[in-house]
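The values are calculated or read from the model by the stated rules, or taken from the named source; none is laboratory data. Note that this is a predicted model, so its numbers are computed, not measured. Cβ coordinates were reconstructed from backbone atoms using ideal geometry, including for glycine residues, and neighbour counts include every protein chain displayed. For accessibility, only protein heavy atoms count, side chains too; no ligands or nucleic acids. Shrake-Rupley method; radii C 1.70, N 1.55, O 1.52, S 1.80 Å.
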Amino acid sequence: MPTLHDQVQSRRTFAIISHPDAGKTTLTEKLLLFGGAIRDAGTVKARKTGKYATSDWMEIEKQRGISVTSSVMQFDYNDFRVNILDTPGHQDFSEDTYRTLMAVDSAVMVVDSAKGIEDQTMKLFKVCRMRGIPIFTFINKMDRQGKEPLELLAELEEVLGIETYPMNWPIGMGKDFVGIYDRFNNRIEQFKSEDETNRFLPLNEEGELEIEHELQESPLYEQTLEEIMLLSEAGNQFSEEKIANGTLSPVFFGSALTTFGVQTFLDAYLQFAPAPQARMSTSGEVDPESEDFSGFIFKIQANMNPKHRDRIAFLRICSGKFERGMSVNLSRTGKPINLSSSTQFLADDRNTVNEAVSGDIIGLYDTGNYQIGDTITTSKEMYQFERLPQFTPELFVRVTAKNVMKQKHFHKGIHQLVQEGAIQLFKTVRMEEYLLGAVGQLQFEVFEHRMRNEYNVEVLMERIGSKVTRWVEADKVDENLHSSRSILVKDRYDKYVFLFENDFALRWFEDKNPDIELYNPMDIK
Ligand code: G4P
């Protein structure tokens with residue numbers, strides 16, 4: 001029987017972040033194939049395109065051909081149990097996407113070699129930086145013509161403000177892609193080898209091919225050796241410590257579609273990615289190997305099956321071992337909850353998972369007990385994990401009920417959905433109008449859909465567009481500062497917030513009101 005220590009140390013829990021179309025789905029699928037979690041290539045893809053979306057709740061997902069909901073995939077590889085948390089890969093990503101990053105211990109960033117760093121990757125990357133978790137980079141589509149690798153590295157460092165260390169380096173690309181020069185394993189991995197036995201060509205101590213090979217005749221080989229020399233002399237040093245605190249990203253080149261460089265990446269990733277770490281709570285750090293069970297809810301998804309009106313709360317286990325039927329306390333209310341038949345594992349498709357420890361994600365049937373950020377634990381202390389950060393909404397609508405007779409349902413629906421974390425609610429200070437804020441357009445569509453289907457209310461949403469959102473301390477606020485360019489509102493905790501028309505309006509306001517300190521919870525310290 002493995003001990004709790006062994007089990008926790010074998011866990012690797014990560015999210016893949018990328019811009020849509022960079023190859024996240026393809027890479028995920030290839031990783032799952034290595035782990036034997038799926039038999040056929042195309043399984044994950046089918047889920048993405050909606051083939052597996054059966055319930056009505058998935059309607060939006062089907063209509064839009066996107067994954068609205070983050071979900072969890074689990075597989076065993078060598079002695080590791082790997083949990084991959086999926087993040088919706090559409091431009092219309094939501095707060096769920098951000099919160100998923102609160103539940104992981106590391107992140108893998110997939111970059112399209114032809115595109116470089118794009119907007120969405122940047123936003124997700126910021127959340128990883130905020131948490132200081134390790135970030136591994138996979139530069140994909142080397143079988144296609146892309147940007148020069150040195151240019152890509154410079155872009156990663158400049159745009160993201162992070163150091164990089166290439167674990168391997170491409171030899172050519174596109175039609176001329178030969179393979180990767182693997183600095184970490186001291187070998188060349190050929191893209192097209194005559195057979196499996198010579199896929200890997202060993203390098204000698206000077207970093208040159210040990211045996212004679214036709215590759216030595218290629219100018220691409222010469223060029224690679226020069227670039228490797230340049231990296232060794234002028235590039236960053238490899239540092240496990242910097243990887244661990246998220247200030248240096250190990251970079252891997254490959255091609256997910258052709259399954260090239262994926263296993264090499266996976267092996268190194270598992271070696272350097274952290275097992276679950278201690279997490280901060282109101283009674284100090286909670287050791288992941290502590291016998292007391294604990295975890296926090298990072299996402300609630302309602303009505304996966306509209307016939308049952310059920311909700312699923314996604315729990316990240318932070319310590320101890322989960323057992324079906326166990327009794328825990330919900331720290332926010334102090335009430336005991338029995339995790340009996342109401343519990344399911346998300347990876348239950350395969351029926352192989354029958355226990356879960358720190359690092360794993362489980363889904364709990366919820367009849368309205370849980371809120372996002374809730375802690376459950378068997379510890380008598382009933383501590384709470386740190387509050388999940390509030391993410392800065394960028395898009396806003398003014399919302400009212402179409403039918404004034406439906407006010408009661410309207411308020412109930414809004415308040416429940418806001419509490420669930422589906423959307424953020426603000427009230428204008430003057431008129432007490434309701435404004436909804438989101439990080440992506442999709443959240444409004446989900447809101448509208450759910451108000452109609454779950455609360456029987458048609459809503460009117462008037463777009464007021466994108467805003468630059470800044471919180472402000474209450475004692476500094478003069479309600480006369482409200483204007484059409486700087487709308488003053490209160491959030492659901494009654495904190496004052498300014499919604500600026502654009503960056504220009506924000507700067508103008510800051511110049512005029514130097515005493516007022518504005519802050520953005522998403523700013524990286
Ligand atoms: P995403 O989840 O990040 O949105 O990306 P996804 O994996 O769906 O990949 C986006 C497109 O890029 C797909 O093509 C996929 O086949 C392709 N792709 C992924 N990895 C590689 C790679 O290493 N090399 C090349 N050349 N292409 C890659 P598509 O035409 O949009 O879809 P499909 O027709 O292949 O299904």
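Okay, residues lined up against (1) assigned by TED's automatic domain parsing to the domain that holds E163; (2) within 12 Å of the ligand (Cβ to nearest atom):
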| position | (1), (2) |
| --- | --- |
| I84 | no, no |
| D105 | yes, no |
| R129 | yes, no |
| I133 | yes, no |
| N140 | yes, yes |
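Could you list all residues from region 203-215 that are farther than 15 Å from I171 by Cα and either among the charged types (D, E, K, R) or in contact with an Asp or Glu (Cβ under 9 Å, 6 or more places away or on another chain) (or both)? Walk me through how you get there before you give the answer.
Keep residues of region 203-215 that are farther than 15 Å from I171 by Cα, which gives 204-206, 210-212.
Result: N204, E205, E206, E210, E212.
Here are some conditions: (1) open to solvent by 50 Å² or more (accessible area, probe 1.4 Å); (2) free of Cβ contacts under 8 Å to residues at least 12 places away in the same chain. N204 meets all but one. Which one does it not meet?
(1)
Taking interchain pairs and intrachain pairs at least six residues apart, which have beta carbon atoms under 8 angstrom, with the first residue in region 12-32 and of a type in the set (D, E) and the second more than 10 Å from the ligand (Cβ to nearest atom) and not in a loop (DSSP other than H, G, I, E, B)?
Pairs that qualify, where the first residue is of a type in the set (D, E) and the partner is more than 10 Å from the ligand (Cβ to nearest atom) and not in a loop (DSSP other than H, G, I, E, B), are E29/T43.
Checking V159 against (1) farther than 23 Å from F14 by Cβ; (2) open to solvent by 50 Å² or more (accessible area, probe 1.4 Å); (3) of a type in the set (A, V, I, L, M): exactly one of these is not met. Which one?
Of (1) farther than 23 Å from F14 by Cβ; (2) open to solvent by 50 Å² or more (accessible area, probe 1.4 Å); (3) of a type in the set (A, V, I, L, M), only one is false for V159: (1).
Name the single residue, out of those in region 373-408 being aliphatic (A, V, I, L, M) and part of a loop (DSSP other than H, G, I, E, B), that is nearest to I487 (Cα to Cα). Talk me through it step by step, then tell me what you get.
Filtering region 373-408 down to residues aliphatic (A, V, I, L, M) leaves 376, 382, 388, 395, 397, 399, 401, 404-405.
In the following step, the residues that additionally are part of a loop (DSSP other than H, G, I, E, B) were identified as 382, 388.
On the way: M382: 40, L388: 26 Å.
Result: L388.
Please specify each residue of region 97-138 satisfying the condition of being part of a loop (DSSP other than H, G, I, E, B) and not hydrophobic (A, V, I, L, M, F, W, C).
In the first step, residues of region 97-138 are kept if they are part of a loop (DSSP other than H, G, I, E, B); the result is 101-105, 113-118, 132-134.
If the condition is that a residue be part of a loop (DSSP other than H, G, I, E, B) and not hydrophobic (A, V, I, L, M, F, W, C), then D105, S113, K115, G116, E118, G132, P134 are the ones that fit.
Being under 31 Å from the mean Cα position of the chain (by Cα), buried (at least 16 other Cβ atoms within 10 Å of the Cβ) and assigned to a loop (DSSP other than H, G, I, E, B) is true for just one of M451, M522. Which residue is that? Before you say what the answer is, go through the steps one by one.
On the way: M451 fails: assigned to a loop (DSSP other than H, G, I, E, B).
Just a single option satisfies the conditions, and that option is M522.
Given (1) away from the ligand (no atom under 16 Å from the Cβ); (2) open to solvent by less than 20 Å² (accessible area, probe 1.4 Å), where does L150 come up short, assuming only one miss?
(2)
Please determine whether any residue of region 55-65 is open to solvent by 10 Å² or more (accessible area, probe 1.4 Å) and either among the β-branched types (V, I, T) or modelled with pLDDT of 90 or more (or both). It would help to see each step written out before you state the result.
Restricting attention to region 55-65, the residues satisfying the condition of being open to solvent by 10 Å² or more (accessible area, probe 1.4 Å) are 55-65.
After this cut, where a residue has to be either among the β-branched types (V, I, T) or modelled with pLDDT of 90 or more (or both) as well, the list is 60.
The answer is yes; a qualifying residue exists.
Quick grid of which residues meet (1) in the same structural domain as L101 (by TED's automatic domain parsing); (2) modelled with pLDDT under 95; (3) in contact with a strand residue (DSSP E or B) (Cβ under 7 Å, 6 or more places away or on another chain):
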residue	(1), (2), (3)
S358	no, no, yes
I361	no, yes, yes
L364	no, yes, yes
N369	no, yes, yes
Y383	no, no, yes
R387	no, yes, no
Q390	no, yes, no
T400	no, no, yes
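Could you list, in sequence order, the residues of region 277-289 that are under 18 Å from S106 (Cβ atoms) and out of contact with any helix residue (DSSP H, G or I) (no Cβ under 6 Å at 6 or more places or on another chain)? Working first, answer last.
So the first thing to find is which residues in region 277-289 are under 18 Å from S106 (Cβ atoms), and the list is 277-280, 288.
Matches in region 277-289: Q277, A278, R279, M280.
Mind checking which residues of region 122-141 are over 19 Å from Q390 (Cα atoms) and in contact with a Ser or Thr (Cβ under 7 Å, 6 or more places away or on another chain)?
Step one: of region 122-141, the residues over 19 Å from Q390 (Cα atoms) are 134-141.
P134, I135, F136, T137, I139, N140, K141 - these are the residues of region 122-141 that are over 19 Å from Q390 (Cα atoms) and in contact with a Ser or Thr (Cβ under 7 Å, 6 or more places away or on another chain).
Take region 231-243 and flag every residue that is over 19 Å from K126 (Cβ atoms) and touching a residue at least 40 places away in the same chain (Cβ under 8 Å).
Within region 231-243, the first condition is being over 19 Å from K126 (Cβ atoms), and the residues that meet it are 231-241.
Scanning region 231-243 gives L231, G235, N236, Q237, F238, S239.
Being more than 6 Å from the ligand (Cβ to nearest atom) and not hydrophobic (A, V, I, L, M, F, W, C) is the filter; apply it to region 24-36 and report the residue that is most open to solvent (accessible area, probe 1.4 Å). Working first, answer last.
We begin by selecting, within region 24-36, every residue more than 6 Å from the ligand (Cβ to nearest atom); these are 27-36.
If we keep only those that are not hydrophobic (A, V, I, L, M, F, W, C) as well, we get 28-30, 35-36.
Values: T28: 6, E29: 16, K30: 22, G35: 19, G36: 55 Å².
Filtering first and then ranking leaves G36.
Which condition number in (1) at pLDDT 85 or above; (2) surrounded by fewer than 17 Cβ atoms within 10 Å (Cβ to Cβ); (3) under 30 Å from S294 (Cβ atoms) is the one that D21 fails?
The number of the failed condition is (3).
For region 1-18, name all the residues that are under 22 Å from the mean Cα position of the chain (by Cα) and either modelled with pLDDT under 55 or closer than 30 Å to S290 by Cβ (or both). Spell out the reasoning first.
Taking region 1-18 and keeping what is under 22 Å from the mean Cα position of the chain (by Cα), we get 8-18.
V8, Q9, S10, R11, R12, T13, F14, A15, I16, I17, listed by residue number.
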